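Notes to accompany the following structure.
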Amino acid sequence: MRLCVIGVGQAGGRVADLFAQYNAKEWSKHGNLVPVSIAINTAKSDLMGLKAIPKANRVLIGQTNVKGHGTGTDNELGARLMKEEMHNINRALSVLGTHYIDAFLVIAGLGGGTGSGGAPILVRYLKEAHEDPVYALGILPAKDEGKLMTFNAARSLLALQESADSVIIFDNESWKREGTSVAESYNHMNSLIVSPFGYLLGGGESDSGSSVGVKVVDAGDIINSLGGLASIGYAEREVDGGFSLFNGKSDSMDRLDTSTLCHSVIKSATAPGSLTAQCDIKDAERALVLVSGPPKYLDREGIERARKFLEDAVWGTEVRGGDYPMPRSKSIVGIVVLSGLINVPRVKEILEDAAATQKTVDKREKKRKEMDDLSEYKGKLKPLNLKSGEAA
Ligand code: GDP
């Protein structure tokens, strides 16, 4: 499956840049999975800090308004600037050409200004202008980032949900690393966001050069598996010596039979601590299961057992599954996409917090309006004589 990845704002740009880096290096043997990567921002310095997205694909918007300095966490401004410069973005997309991609992925940190406001506008535009599905990858702020970030995230999420074919959630609260620098924590989280896509997108590319799986997960499977709110689970088991990216440790599983190995890695991928946004499998309408690793470990019966396990657990009926052989890999990787989620606790929490903030803001605004309009006192007081500068 081939993606056009568009990062909006700082977080969006960084994650899109990592997609471009992986595409050029780690994923290059699987074909060109991300033929187009673009970064859009109101902050010039964020765009300059990117490494892999070509300079020509970095679009600075709102120059006349914010002069390259960003929106200052104002997502209304982010939305307005995106709307005003859609023609520039459209031009960039036409020059790059998007006819050979299977879907768009718009990425943004939902708590800020540029991505939070701009991403929903961009998604709506892409939906209107293109036939291909448009997915959003929304990064939720951590709890300690404050009320404004939470409020912005809630509004952005509601707007994204209206137009995107699916909104994949990544929750910074679950994945932030304590005791490291913010930059390190972001780098770690960004690799967690991007890594699973190599397996998801690569499996169905017939020109990938790797051996072909027994049951290939192709673009159609992924498209049919996504919808509504989604969360992606990832688990890894060392088979010939290796390291688990998500859990930081891995168990040697060689002693297990291959069927149990495939089944267990998928079960691990659905554990709350393995998902980009914590949720319960039973709250998913649809799911996609993918097991990747050296062919000798990919057991058809085990993958089918894992698929069945999910089929019994989700509230809907559609569970797709497949394998992706990687002969030189030292681990078995299980990936699960859960979508059509009817409950994501962190999303609920953000929406509830934001609704409470909105209520307080409305009350205070009413009071402020009353203070602004003091006309009822005008008739009761002798007016100030503005001509002479003295009280009349
Ligand atoms: P914008 O540039 O105005 O769109 O704002 P940001 O992209 O900085 O959005 C702020 C939100 O994104 C906050 O919740 C940050 O914690 C989060 N964020 C910023 N950079 C990164 C990053 O590189 N990775 C992740 N996972 N989150 C980030």
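The values are calculated or read from the model by the stated rules, or taken from the named source; none is laboratory data. All of these numbers come straight from a predicted model, not from anything done at the bench. Here the Cβ is made from the backbone with ideal geometry for all residues, glycine too, and neighbour counts use every protein chain on show.
Considering only the stretch 71-130, state which residues are of a type in the set (S, T, N, Q) and within 16 Å of the ligand (Cβ to nearest atom). Of everything in the stretch 71-130, those that are of a type in the set (S, T, N, Q) and within 16 Å of the ligand (Cβ to nearest atom) turn out to be THR71, THR73, ASN75, THR114, SER116.
Each row is one residue, and each column tells you yes or no for (1) touching a Phe, Trp or Tyr at 6+ places or on another chain (Cβ under 8 Å); (2) under 26 Å from GLY213 (Cα atoms); (3) assigned to a loop (DSSP other than H, G, I, E, B); (4) outside the structural domain of ASP171 (by TED's automatic domain parsing).
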residue: ALA287; (1), (2), (3), (4): no, yes, no, yes
residue: ALA306; (1), (2), (3), (4): no, yes, no, yes
residue: GLU352; (1), (2), (3), (4): no, no, no, yes
residue: GLN358; (1), (2), (3), (4): yes, no, no, yes
residue: ARG368; (1), (2), (3), (4): no, no, no, yes
residue: TYR377; (1), (2), (3), (4): no, no, no, yes
residue: LYS387; (1), (2), (3), (4): no, no, yes, yes
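Across the stretch 1-57, the qualifying residues are those that are within 16 Å of the ligand (Cβ to nearest atom) and among the acidic types (Asp, Glu), and the one among them that is surrounded by the fewest Cβ atoms within 10 Å (Cβ to Cβ) is ASP46. Scanning the stretch 363-381 turns up no residue that is surrounded by 10 or more Cβ atoms within 10 Å (Cβ to Cβ) and in contact (Cβ under 8 Å) with a residue 24 or more places away in the chain.
Each residue in the stretch 23-55 was checked for being assigned to a loop (DSSP other than H, G, I, E, B), of a type in the set (Lys, Arg) and under 17 Å from GLY7 (Cβ atoms), and 1 of them qualify. Take ASN65 and decide whether it is farther than 25 Å from VAL167 by Cα, surrounded by 13 or more Cβ atoms within 10 Å (Cβ to Cβ) and among the polar types (S, T, N, Q). Spelling it out, ASN65 is indeed farther than 25 Å from VAL167 by Cα, surrounded by 13 or more Cβ atoms within 10 Å (Cβ to Cβ) and among the polar types (S, T, N, Q). Which one of GLY213, GLY179, GLY198 is crowded, with 17+ Cβ neighbours inside 10 Å and in a loop (DSSP other than H, G, I, E, B)? Selected residue: GLY213, the only one of GLY213, GLY179, GLY198 that is crowded, with 17+ Cβ neighbours inside 10 Å and in a loop (DSSP other than H, G, I, E, B). When VAL167, VAL134 are checked against the criterion of being in contact with a Gly (Cβ under 8 Å, 6 or more places away or on another chain) and more than 10 Å from the ligand (Cβ to nearest atom), VAL167 stands alone in meeting it.
Condition check ((1) among the hydrophobic types (A, V, I, L, M, F, W, C); (2) at pLDDT 95 or above; (3) under 22 Å from the mean Cα position of the chain (by Cα)) across all residues:
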| residue | (1), (2), (3) |
| --- | --- |
| VAL194 | yes, yes, yes |
| PHE197 | yes, yes, yes |
| ASP207 | no, no, no |
| GLY213 | no, no, no |
| ASP218 | no, no, yes |
| GLY228 | no, yes, yes |
| VAL239 | yes, no, no |
| SER244 | no, no, yes |
| ASP251 | no, no, no |
